[in-house]
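Participant: Input: one structure, supplied below.
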Amino acid sequence: MRDEFLVVQAARGDRGAFTSLVERYGSRVLAVIEKQVGDHHGALDLAQEVWIKVFAALDSFRPEAKFRPWLFAIVFNSIRDDHRHRARRRDRVSDLGPEHLEGAATADRYDPTASVAEIEHIDAALAGVPEPFRAALQLVDALDFSYDEAALSLDCSEGTVKSRVHRGRIAFRDLYEKLSRGPRRSAHANHWTSSRRTRAFPGNVPAQEKLES
């Protein structure tokens, strides 16, 4: 059943249709958020907020539009809001003296469960890719968005997305090579587009273009 039909049905009050959308995209939304915020528990909370926003905005969805770019536009707007909120909180904390910070809890960082060093290098390299290149890379190379869909999600031109993806791939490659202490072997070149993608974005996601060497 097409996403757009489910959205229309959900907007008419069909909770089952909305549940189907959450089941279809929930794991991928969470994976994208985790990569952006680096905080597993924070990502869970933010993903829940995203779906609340999606539900509230169902009436604004145009049936002739595509659901995926519309959904991930909400995802990335929410991530940007979260980054601003965290930045303001860091600013407030930085104003406190050492006496106020004693015993403060450290931030809960997402700890990848993969034990293979190569997977850890890929995670670390992706985390090190600067925004907004990382967001474009995630959409195009991890979620198989077209450049046009990614442009709609990121509210920019298709040419801008292509440029960001290109620069993101270069940044990812350079960071990966530094972390793995040497140029990628052939197996490494395919890891982001196969093993890692399957782990991070489960579900029926079609094959995608490989990263540039």
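Participant: Label the stretch 1-92 by shape, choosing from rounded, prolate and oblate, from the square roots a ≥ b ≥ c of the eigenvalues of the Cα gyration tensor; if a/c is under 1.5 it is rounded, and otherwise prolate applies when a/b is larger than b/c, oblate when it is not.
Facilitator: Prolate, since a/c reaches 1.5 and a/b exceeds b/c.
Participant: Moving on. Apply the Karplus parameterisation 6.51 cos²θ - 1.76 cosθ + 1.60, with θ equal to phi minus 60°, to every residue of the stretch 161-170 and state each ³J(HN,Hα) to the nearest whole Hz, in sequence, with x for glycine and proline.
Facilitator: Values, residue by residue: 4, 4, 5, 5, 5, 4, 5, x, 5, 5 Hz.
Participant: Between D59 and K162, what's the calculated FRET efficiency when r is the beta-carbon distance and R0 is 35 Å? Round to 0.05.
Facilitator: About 0.60, to the nearest 0.05.
Participant: Step through the residues of the stretch 126-137 one at a time and calculate ³J(HN,Hα) from phi using the Karplus curve (6.51 cos²θ - 1.76 cosθ + 1.60, θ = phi - 60°), rounding each to whole Hz and writing x for Gly and Pro.
Facilitator: Each residue's phi maps through the Karplus curve to give 5, 5, x, 5, x, 6, x, 5, 5, 4, 5, 5 Hz.
Participant: Right, something else. Using amide H atoms built in the peptide plane, which far-off residues or other-chain residues are under 5 Å from F145 H to H?
Facilitator: For F145, whose amide H was placed from the backbone, the distant partners under 5 Å are V140.
Every number in this text was worked out from the coordinates using simple rules, so none of it is lab data. Predicted model only: the values in this text are computed from it and were never measured. Cβ: placed from backbone, ideal geometry, glycine included. Neighbour counts: every protein chain shown.
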